[in-house]
Amino acid sequence: MNFRKIISQFTTPLVLMSAISAFLPFRVNAQTAPAPVGPVPNARQIEWYHREMIAFFHFGMNTFTNDNEGDGTASPRLFNPTALDCRQWTSVLKSAGITSAIFVAKHADGFCNWPTAHTNYSVKNSPWKDGKGDVVREFTDACKSAGIKAGIYLGPHDRHDSRYGTDDYSDYYADQLSELLRNYGPIWEIWWDGAGADKLTTAYYTRWADSVRRLQPNCVVFGTKNSNAFADCRWMGNESGISGDPCWSTINLSSIKNEADNIAALNHGELDGTAYVPAEVDVSIRPSWFYHPEEDTRVKTVAELWDIYFNSVGRNSVLLLNYPPNKEGLISPVDAKRSDSLGAMIRGTFKTNLASGASVKTLHPRGGIYKPSNMTDRLESTYYAATDDARTDTITFNLGTAKTFDVLMIQEVIELGHRTTGWSVEYSKNGKNWLPIPEATGKQSIGYKWLLKFKPVTASYVRLRITAGKACPAIHTFGIYKQQM
Ligand code: OTN
């Protein structure tokens, strides 16, 4: 699934190839790379996009009080997982193909899952492991052994600490943040939930963001409301797993700041937005964020998870899928099984690109290294580009024989900004009479990845018609697949 791997944090092969081609004027047919258009991603955002799916773990006092939003008064004595095993969590992720995870170190009830030096409201006053336990340590250690990138949710809102909303709270939060960033790294993401966070000013976030940048330079910031200026990724506007169509990575920061009045902008992005802040889609595999035994029969079905995958990863967003560990401290068997099945469907479906090996013709080929066949070569470092003056194009794939498919994948070159703003896909048995795929008609955004599923069609030819753009098309991948259930 993750074949667009980057070779380093700071230079992607795409940038490297473009730079090399720009400095080879003597090469026959060498063409310069298309110029970027509009806001473009930073190195952290490019790495983050390639994660595609991230796991979320909500676990803490609420797990033991059967709550979601504890008021911060529950006794630490109630926290006592009987069989906590973070390696079980990471093995569930491995099987689903998830390479990154975010753990709730402190939710809004203020209870800390690590023995912080800065409050007594933590695991150190629980009976678990006689107060010697540290869930953040177990989580980050398990991630390290499994090769999973660890992230931290440190709830900005705090109902336990009476200093919440004051400058003293800012000191407290800053101390805890640096404790986590210094002692448990590498930390790949910090999650600044906007829920209940309205008392927190931009000045507080400025100080905290400075710690993040200093202590964990590669750490992605999920930013909301007053942390908008530091956001590498944004809230997508709902907790149901459904990004907008279109979903642009660009947005105006004012829309993130005033989220209540701009839910549609969060959901769809803003094509002419001045900042590049793509959407991260947080949704729970169960109705609630924390574990409740009564929800054991309400775990999302594989079909629901498959839809969520298409509506998030398949809509130019990253999926943040929550698995709430139970009172034992384990992911429940039904959640693990559904997650395994999702992973198997993703691997099975996207294993074979039925357009691979097709002969490809386009109306406005740029020439040089930007060959049409690059769209199906599965290589990270290559892409197709049209001539600078082109805003539209028709890209025709001759499949050689009739193929049956019901899934489509298109990827743009995100390093070059959102370029294509209108597209459709059609199919044909003979290359002359074309039929639309209704679900793939009149589409707008592409970005990192756009996926569609539809009733199976059988065709020997398929074509991507780019009907509008801000700059010449630069397409990384075109794929057609048959769903493997
Ligand atoms: O009641 N809420 O706080 C709430 C209900 C439904 C959906 C979201 C929210 S809060 C919302 O959560 C987001 C993450 O899911 C972001 O952190 C937003 O900034 C926050 O306002």
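The values are calculated or read from the model by the stated rules, or taken from the named source; none is laboratory data. Note that the structure is predicted; figures quoted are calculated from it, not measured. Counting neighbours? That spans all protein chains shown, and the Cβs are built from the backbone with ideal geometry, glycine included. These accessible areas exclude ligands, DNA and RNA; they are computed on the full protein's heavy atoms, side chains included. Shrake-Rupley method; radii C 1.70, N 1.55, O 1.52, S 1.80 Å.
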Exercise for the section: Taking the Cα centre of the stretch 348-485 as origin, sum charge times position over the Cβ atoms of Lys and Arg (+1) and Asp and Glu (-1), and report the length of that vector in debye to the nearest 20. Expected result: 380
Fill in the blank from the handout: In degrees, nearest 10, the alpha-carbon axis of helix 13-22 is tilted away from the dominant principal axis of the alpha carbons of the chain by 40
Exercise for the section: Compute the long axis of helix 333-350 from its Cα atoms, compare it with the longest principal axis of the Cα atoms of the chain, and write down the angle in degrees, 0 to 90, nearest 10. Expected result: 20
Exercise for the section: Taking the Cα centre of the chain as origin, work out the dipole magnitude from +1 charges on Lys and Arg Cβ and -1 charges on Asp and Glu Cβ, in debye rounded to 20. Expected result: 2040
Fill in the blank from the handout: Sorted by chain and then number, the residues having a modelled amide H within less than 5 Å of the amide H of Gln444, at least 5 places away or on another chain, are Trp423
Problem - Amide H contacts of Asp282 (H built 1.01 Å from N, under 5 Å, at least 5 apart or other chain) - result: Met236, Leu320
Exercise for the section: Would you rank Val37, Val318 by solvent-accessible area, highest first, keeping every protein chain in place and using a 1.4 Å probe? Expected result: Val37, Val318
Practice task
Counting helices only, and only those DSSP H runs with n ≥ 4, report the 222 nm mean residue ellipticity of the chain as the sum of -39,500 (n - 2.57) divided by its residues, in deg cm²/dmol to the nearest 500.
Solution key: -7500 deg cm²/dmol
Practice task
List, in order, the whole-Hz ³J(HN,Hα) value for each residue of the stretch 322-330 obtained from phi through the Karplus relation with A = 6.51, B = -1.76, C = 1.60 and θ = phi - 60°; use x for Gly and Pro.
Solution key: 8, 10, x, x, 8, 5, 5, x, 10
Exercise for the section: Give a residue-ordered list of calculated ³J(HN,Hα) values for the stretch 220-225 (Karplus: 6.51 cos²θ - 1.76 cosθ + 1.60, θ = phi - 60°; whole Hz; x for Gly, Pro). Expected result: 7, 10, 8, x, 9, 6
Fill in the blank from the handout: Note, the stretch 264-273: 3J(HN,Hα) by Karplus (6.51, -1.76, 1.60, θ = phi - 60°), whole Hz, Gly/Pro = x, goes 5, 5, 5, 6, 9, x, 9, 3, 9, x
Practice task
At 0.36 nm per residue, minus the direct Cα-Cα distance, what do Ala468 and Lys94 gain on full extension? Give it in nm, one decimal, please.
Solution key: 130.7 nm
Exercise for the section: With everything on Cα atoms, drop me the angle between helix 202-215 and the longest principal axis of the chain, reported from 0 to 90° to the nearest 10. Expected result: 80
Practice task
Take the Cα pairs of the chain, get the Kirkwood Rh, then feed it into Stokes-Einstein at 37 °C and 0.692 mPa s and tell me D in µm²/s.
Solution key: 140
Practice task
Starting from the Cα-Cα distance between Glu328 and Thr297, subtract it from 0.36 nm times their residue separation and give me the gain in nm to one decimal.
Solution key: 9.4 nm
Exercise for the section: Compute the relative contact order of the chain as a whole-number percentage, counting only Cα pairs closer than 8 Å that sit 6 or more residues apart in sequence. Expected result: 17
Completion exercise
Quick calc: nm separation of the 7 Å Cα→Cβ label points for Met485 and Arg347 -> 2.1
Handout entry: Using a Förster distance of 35 Å, the FRET efficiency for Asn398-Ala260 (Cβ separation, nearest 0.05)
Key = 0.10
Practice task
Be a star and scan the stretch 142-164 for residues whose amide nitrogen sits under 19 Å from the point 7 Å along the Cα-to-Cβ vector of Asn42.
Solution key: 150-154
Handout entry: Mean-position separation - Cα centroids, the stretch 166-240 and the stretch 342-391, in angstrom
Key = 38
Fill in the blank from the handout: For the Phe454, Arg213 Cβ pair and Förster radius 51 Å, calculated FRET efficiency rounded to 0.05 is 0.70
Fill in the blank from the handout: The FRET efficiency for Ala35 and Arg77, from their Cβ-Cβ distance with R0 = 60 Å and rounded to 0.05, is 0.45
Completion exercise
The answer for the net charge of residues other than Ala146 whose Cβ lies under 13 angstrom from its Cβ, with Lys and Arg +1 and Asp and Glu -1, is +1
